[in-house]
Amino acid sequence: MHAFACQMSFRIMLLDSRMDFELSLRGRDFVARTRAFIAEEIEPVEDAYWTEVARTGSTGDWRRWRVPPLLDELKAKARAQGLWNMFLPDAKLGAGLTVAEYAHVAEQTGRSLLAPHVFNCNAPDTGNMEVLWRYGSDEQKARWLAPLLDGAVRSVFCMTEPDVASSDATNMRATAVVDGDAIVLNGRKWWSSGIGDPLARVAIFMALTPDPSKGRREQHSMVLVPLDTPGITIERMLPVMNGFDAPHGHGEVSFANVRVPLSAFIGGPGMGYAIAQGRLGPGRIHHCMRCIGAAEKALELAIDRGASRTAFGDSLIRLGGNPERVAEARIAIDQARLLTLYAAWKMDKLGAERAMAEISAIKVVAPNVLQQVVDFAIQVHGGAGVSADTPLASFFAQARSLRLADGPDEVHKRVIAGIEFLRRGLTKSGKPQPAAAAPR
């Protein structure tokens, strides 16, 4: 199956462009080496790693969380093999892979809960590094991008808020107001992923910078904030399905009159919404391909478990409707992969804005496919499926959380429908456009 995923050549004519999903030789090399590293270096020690994490990370007291030394050892090995910052398309700072090429790599890393951290390709750092790479000043790149690319520090993205419907980013109440030569930050954020990591040093804070002369989507800013700045308080860590995701964590954070210099604006005041759209495009490809990798792993675990257990005179995997469920899982995974590769290909060729419908489509499809496949795998495993003895419970939490993160399913469906309406000469709400405005 993996050979098919890496080597397939699926060509059709789309308008005047030829769509080709065949990986380059260089892309195949990265996929093969990533797969081998996970199998040989990560999988044999991953259980021991998470057992060590659990010793200090079983409660919400992030001050006690520790990163086992094993992670640094694995990072050093990965870096020595050139399996480092593979998400970044810059050939000098990263691997120089296209979005579509890295998508295949991301699928492999999705099979392991530890692998993205080992390769310095973990969220939210990847998205934050891309923001700094694309929009950051030279000063910001030197101070923050360089150590992030080096793996010396970690970062946080503070966007979601507890008191508003955060599915509409323009609802934000947090503010970033210019006061002389400083920016004053106020507000409360939650689900700030990575805030509990002992290496977390900086956050990107997205907030409202009020300007009545501008539209709703031109009044938000992204601001770089060192986490030791006075006025920042980590209020608590939020459990995800009763687990704290140590040593990473997802926190609720308050900002009270936090002052940073004007140079902390990324791209300038009012650029936040536009930057966010650019940030989330590649990140959604990464998330979705990791979902596909996790679904492949879950299906493998289900088949292996079902084949090794006997009940009522036959192997579990052959009982009842299980063969059909295996077939349905295979179909769903392959469909999700093809749709995600199409979105990645379109992003590479036309840019994230022209691939918006496809990006929203995969954001709905991939986590749902993972959730369905993992649910089946849990059922085959019985009680073991909801324990910590397999990665299935964590995969399920990942899938269910991703149906909310980076926009809930309903918002992405709204985006897709709005684009379809526009193609048919309607407004995004489904009403006929004035004749002069209708597309020809």
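The values are calculated or read from the model by the stated rules, or taken from the named source; none is laboratory data. Computed from a prediction, not measured in an experiment: that's the story for all the values here. Here the Cβ is made from the backbone with ideal geometry for all residues, glycine too, and neighbour counts use every protein chain on show.
Mind telling me which of the residues 309, 305, 284 ends up being under 30 Å from residue 167 (Cβ atoms) and among the basic types (Lys, Arg)? Show your work before the answer.
Numbers: 309 fails: under 30 Å from residue 167 (Cβ atoms); 305 fails: under 30 Å from residue 167 (Cβ atoms).
Exactly one residue qualifies, and that residue is 284.
Every residue in region 208-221 that is closer than 16 Å to residue 277 by Cα, in contact with a strand residue (DSSP E or B) (Cβ under 8 Å, 6 or more places away or on another chain) and either of a type in the set (Gly, Ala, Ser) or not in a strand (DSSP E or B) (or both), please.
The answer is 219, 221.
Quick one: would you say residue 68 is of a type outside the set (A, V, I, L, M), over 30 Å from residue 332 (Cα atoms) and at pLDDT 95 or above?
Numbers: of a type outside the set (A, V, I, L, M): yes; over 30 Å from residue 332 (Cα atoms): yes; at pLDDT 95 or above: yes.
It is true that residue 68 is of a type outside the set (A, V, I, L, M), over 30 Å from residue 332 (Cα atoms) and at pLDDT 95 or above.
Given 293, 313, 278, 283, which one is among the small types (Gly, Ala, Ser) and more than 18 Å from the chain's Cα centre (by Cα)?
Residue meeting the stated conditions: 313.
What are the pairs, 6+ residues apart or on separate chains, where a residue within region 367-390 that is closer than 20 Å to residue 336 by Cβ has its Cβ under 6 Å from a residue that is of a type in the set (Phe, Trp, Tyr) and at pLDDT 95 or above?
Correct list of pairs: 374/395; 374/396.
Which condition number in (1) modelled with pLDDT of 95 or more; (2) surrounded by fewer than 16 Cβ atoms within 10 Å (Cβ to Cβ); (3) of a type in the set (Lys, Arg) is the one that residue 217 fails?
Of everything listed in (1) modelled with pLDDT of 95 or more; (2) surrounded by fewer than 16 Cβ atoms within 10 Å (Cβ to Cβ); (3) of a type in the set (Lys, Arg), residue 217 misses just condition (1).
Under 7 Å between Cβ atoms, which residue pairs at least 6 apart in sequence (or on different chains) link something in region 209-223 that is more than 14 Å from residue 175 (Cα to Cα) with a partner that is assigned to a loop (DSSP other than H, G, I, E, B)?
214/270
So, residue 246, is that one assigned to a loop (DSSP other than H, G, I, E, B), outside the structural domain of residue 117 (by TED's automatic domain parsing) and either among the hydrophobic types (A, V, I, L, M, F, W, C) or touching a strand residue (DSSP E or B) at 6+ places or on another chain (Cβ under 7 Å) (or both) or not? Don't jump to the end; show me each part of the working.
Numbers: assigned to a loop (DSSP other than H, G, I, E, B): yes; outside the structural domain of residue 117 (by TED's automatic domain parsing): yes; either among the hydrophobic types (A, V, I, L, M, F, W, C) or touching a strand residue (DSSP E or B) at 6+ places or on another chain (Cβ under 7 Å) (or both): yes.
Considered against the rule, which asks whether it is assigned to a loop (DSSP other than H, G, I, E, B), outside the structural domain of residue 117 (by TED's automatic domain parsing) and either among the hydrophobic types (A, V, I, L, M, F, W, C) or touching a strand residue (DSSP E or B) at 6+ places or on another chain (Cβ under 7 Å) (or both), residue 246 comes out as yes.
Given the residues 311, 327, 294, 357, which is the only one that is surrounded by 21 or more Cβ atoms within 10 Å (Cβ to Cβ) and either within 25 Å of residue 100 (Cβ to Cβ) or free of Cβ contacts under 8 Å to residues at least 24 places away in the same chain (or both)? Can you show your working first?
Numbers: 311 fails: surrounded by 21 or more Cβ atoms within 10 Å (Cβ to Cβ); 327 fails: surrounded by 21 or more Cβ atoms within 10 Å (Cβ to Cβ); 357 fails: surrounded by 21 or more Cβ atoms within 10 Å (Cβ to Cβ).
Every option except 294 fails the conditions.
Would a scan of region 164-171 turn up a residue that is surrounded by fewer than 24 Cβ atoms within 10 Å (Cβ to Cβ), part of a helix (DSSP H, G or I), in the same structural domain as residue 263 (by TED's automatic domain parsing) and more than 20 Å from the chain's Cα centre (by Cα)? It would help to see each step written out before you state the result.
To start, the set of residues in region 164-171 that are surrounded by fewer than 24 Cβ atoms within 10 Å (Cβ to Cβ) comprises 164-171.
Right, trim to part of a helix (DSSP H, G or I) and you get 169-171.
Checking the rest, the ones that are also in the same structural domain as residue 263 (by TED's automatic domain parsing) come to 169-171.
When the remaining residues are screened for being more than 20 Å from the chain's Cα centre (by Cα), the result is 170-171.
So far as region 164-171 goes, yes, one or more of its residues are surrounded by fewer than 24 Cβ atoms within 10 Å (Cβ to Cβ), part of a helix (DSSP H, G or I), in the same structural domain as residue 263 (by TED's automatic domain parsing) and more than 20 Å from the chain's Cα centre (by Cα).
What number of residues in region 371-428 are under 29 Å from residue 353 (Cβ atoms), touching a Phe, Trp or Tyr at 6+ places or on another chain (Cβ under 8 Å) and surrounded by fewer than 17 Cβ atoms within 10 Å (Cβ to Cβ)?
Qualifying residue count for the region: 2.
Please tell me if residue 148 is without any contact (Cβ under 8 Å) to a residue 60 or more places away in the chain, part of a helix (DSSP H, G or I) and within 30 Å of residue 273 (Cβ to Cβ).
On the way: without any contact (Cβ under 8 Å) to a residue 60 or more places away in the chain: yes; part of a helix (DSSP H, G or I): yes; within 30 Å of residue 273 (Cβ to Cβ): yes.
When the stated conditions are applied, residue 148 passes them.
Just checking, does region 246-258 include any residue being acidic (Asp, Glu), touching a residue at least 60 places away in the same chain (Cβ under 8 Å) and within 26 Å of residue 87 (Cα to Cα)? First the steps, then the outcome.
Filtering region 246-258 down to residues acidic (Asp, Glu) leaves 252.
Subset that is touching a residue at least 60 places away in the same chain (Cβ under 8 Å): 252.
Among the residues that remain, those that are also within 26 Å of residue 87 (Cα to Cα) are: none.
Within region 246-258, none of the residues are acidic (Asp, Glu), touching a residue at least 60 places away in the same chain (Cβ under 8 Å) and within 26 Å of residue 87 (Cα to Cα).
Conditions (1) within 26 Å of residue 355 (Cα to Cα); (2) outside the structural domain of residue 170 (by TED's automatic domain parsing); (3) assigned to a loop (DSSP other than H, G, I, E, B), marked per residue:
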position: 189; (1), (2), (3): no, no, no
position: 196; (1), (2), (3): no, no, yes
position: 206; (1), (2), (3): yes, no, no
position: 223; (1), (2), (3): no, no, no
position: 253; (1), (2), (3): no, no, no
position: 257; (1), (2), (3): no, no, no
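With 112, 24 as the choices, which residue is touching an Asp or Glu at 6+ places or on another chain (Cβ under 8 Å) and surrounded by fewer than 18 Cβ atoms within 10 Å (Cβ to Cβ)? So that I can check it myself, show each step before the final result.
Details: 112 fails: surrounded by fewer than 18 Cβ atoms within 10 Å (Cβ to Cβ).
Only one candidate qualifies: 24.
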